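Peer 1: Pasting a structure below so you can have a look.
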Amino acid sequence: MNEIPPKLDLKQPYIWLATWFGCGFMKPAPGTWGSLGALPFGIILFGVTGLWGFILGIVLVSLIGYWASEQFEKATGTHDSKMIVIDEVAGQWIALLPVLHFMGLNFVYIVLAFGLFRFFDITKPWPASYFDKELPGALGVMGDDIIAGLFAAGCLIGLIYAGFS
């Protein structure tokens, strides 16, 4: 587990939201753990609420992520702490969207959504790199992962429409 700064009040809900219920405290690679932690929630949310409920969930987790990231940064005095992984949740859910909508519970495509999202989140091709390096605060924290999720979703839509199933 990552070292939890002693000044963090673990009773605050923004801590648990920003770290996606503690995934951000795991080592190594907390972003990967956050993405993995996003998968079951996303799959269940889509199964229960369908396409439009899942889209609403993506919007809500993005807005909550903005708030929680901002609060986490204020509490720790850091920018884009590796412990903040709710941004990975938003990006991973965006990557999952075309898979769940067009392919259902296709294990191969779910793994592909995970892998593509992690690839784009780690490599940060432009404009994700712009969000990561140039935009301050929670907008930068959330923005690069949303872009990475859109890149992954675009690749998956291309594969689906090309007939790779």
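Peer 1: Which residues, counting only those in segment 47-95, are acidic (Asp, Glu), in a helix (DSSP H, G or I) and under 15 Å from Asp145 (Cα atoms)?
Peer 2: Asp87, Glu88
Peer 1: So, one more: List the pairs whose first member sits in segment 80-102 and is touching a residue at least 60 places away in the same chain (Cβ under 8 Å) and buried (at least 24 other Cβ atoms within 10 Å of the Cβ), whose second member is in a helix (DSSP H, G or I) and among the acidic types (Asp, Glu), and whose Cβ atoms are under 8 Å apart, counting only residues at least 6 apart or on separate chains?
Peer 2: Short answer, once both residue conditions are applied: Ile84/Glu73; Glu88/Asp121; Glu88/Asp145; Gly91/Asp121; Gly91/Asp145.
Peer 1: Also, I was wondering about something else. Tally up the residues in segment 105-152 that are assigned to a loop (DSSP other than H, G, I, E, B) and within 27 Å of Lys74 (Cα to Cα), please.
Peer 2: So the count comes out to 4.
Peer 1: What are the residue pairs meeting all of these: first residue in segment 127-155, first residue touching a residue at least 40 places away in the same chain (Cβ under 8 Å) and closer than 18 Å to Ser35 by Cα, second residue β-branched (Val, Ile, Thr) and surrounded by fewer than 18 Cβ atoms within 10 Å (Cβ to Cβ), Cβ atoms under 8 Å, and 6 or more apart or on different chains?
Peer 2: Pairs that qualify, where the first residue is touching a residue at least 40 places away in the same chain (Cβ under 8 Å) and closer than 18 Å to Ser35 by Cα and the partner is β-branched (Val, Ile, Thr) and surrounded by fewer than 18 Cβ atoms within 10 Å (Cβ to Cβ): there are none.
Peer 1: Another question about this same structure. Considering only residues that are hydroxyl-bearing (Ser, Thr, Tyr) and surrounded by fewer than 21 Cβ atoms within 10 Å (Cβ to Cβ), which ones fall in segment 15-64?
Peer 2: Within segment 15-64, Thr32, Thr49 meet the criteria.
Peer 1: Name the one entry in Thr32, Thr78, Thr49, Thr19 that is of a type in the set (Ser, Thr, Tyr), closer than 22 Å to Phe114 by Cα and touching a Pro at 6+ places or on another chain (Cβ under 9 Å).
Peer 2: Sole residue among the options that is of a type in the set (Ser, Thr, Tyr), closer than 22 Å to Phe114 by Cα and touching a Pro at 6+ places or on another chain (Cβ under 9 Å): Thr19.
Each reported figure results from applying straightforward, stated rules to the coordinates on display, with no laboratory input. This structure is a prediction, so every number in the text was calculated from the model and none was measured. With ideal geometry, Cβ positions are generated from the backbone for all residues, glycine too; neighbour counts draw on all protein chains shown.
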